[in-house]
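Readers should treat all values here as calculations from the given coordinates under stated rules, not as data from a laboratory. Bear in mind the structure is a predicted one, so any value in this text is a computation, not a measurement. Positions of Cβ are backbone-derived with ideal geometry, glycine not excepted, and every protein chain shown enters the neighbour counts.
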Amino acid sequence: MNYMRTALLLAVLTGFFLVVGYLLGGRSGLTIALIIALGMNLFAYWNSDQMVLRMSNAREVGPQEAPELHAIVSQLAQQAGLPMPRVYVIDEDQPNAFATGRSPEHAAVAVNSGLLRHLSREEVAGVLSHELGHVKNRDTLTMTIAATLAGAIGFLSSFGFFFGGARNEDGRPSSSPIVALAAMILAPLAASMVQMAISRSREFEADRMGAEISGHPEWLASALRRLHEGTQAIANATAEAHPAMAHLYIDNPLSGGGMANLFSTHPPMEERIARLQAMTAGARPAPPLQAAPIHTRRGGSVPPSVGRGPWG
């Protein structure tokens, strides 16, 4: 059902894009919209992962620099039947993480240094299993397309004022100026809401897939609870500077509440945790983590090897 819903929402988003192009520029506007969509999606397909990682100031770490983290990612990737993704660390104290890449063969997982400081080894594994769930479901590509189409709709709407609306062959407007104005104002808002719906749907599915990969839904449930506490209390300067990236993270990295929650790209945390807790009773047995502990919970001691690592 989640896959069908995502496909339907992507179709709606594409339809919004084409309609806006037609209302603002007639047949020529429709053609321009198609060309822009194709160009932006091709660019995003090949370059979105590197763009996101550069914008996040993420640095790649190898098994020599982060042996514990690499070992956990490697074990979970094997359990998921995925190639080993590249591993990145971002110097942000807020506990959070995201995955990117156009395919499992070109995937990367990035974790904030705060995630490694504030969560237990099992909770870190829960978060990483969620991100590998995104990779397995190819959500990184889906969300890139959704974000690109939503951005392109806003781009077309911004330039609609200069085009003057669609016109017939005799030069008369083919649509009411009020209709064109409404398209310029409402289409970007509608597109953003559809993008949010797609993101929320994929988060639920990644939670489910991540619980299956780790075999321990309670790890991810506990991690989500602690992550949400962290994102509410600790600012994320990188995400604040690039808010368009917020939908990539496992939890919304932007501060806000009240009305802001209506436009969140993430489902309510309470519902996510409740779904995972319901899965716990029927979870399949899973092998124990083979990596040495990354660290203890907040307030505990940190192994020397981690203290010398990139997140120490």
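Structure summary
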{"read-out": "Per-residue Cβ neighbour rank within 10 angstrom, fewest leading, 69, 42, 53", "value": "42, 53, 69"}
{"read-out": "FRET efficiency estimate (nearest 0.05) - Cβ-Cβ, residue 45 to residue 237, R0 25 angstrom", "value": "0.30"}
{"read-out": "Neighbour-count order for 209, 40, 84, fewest beta carbons within 10 angstrom listed first", "value": "84, 40, 209"}
{"read-out": "Computed label-point distance, nm, for sites residue 8 and residue 103 using a 7 Å Cα→Cβ extension", "value": "3.0"}
{"read-out": "Long-range amide H partners of residue 92 with built H, under 5 Å", "value": "113, 114"}
{"read-out": "Added length on full extension, which subtracts the Cα-Cα distance from 0.36 nm per residue, residue 19 to residue 189", "value": "59.8 nm"}
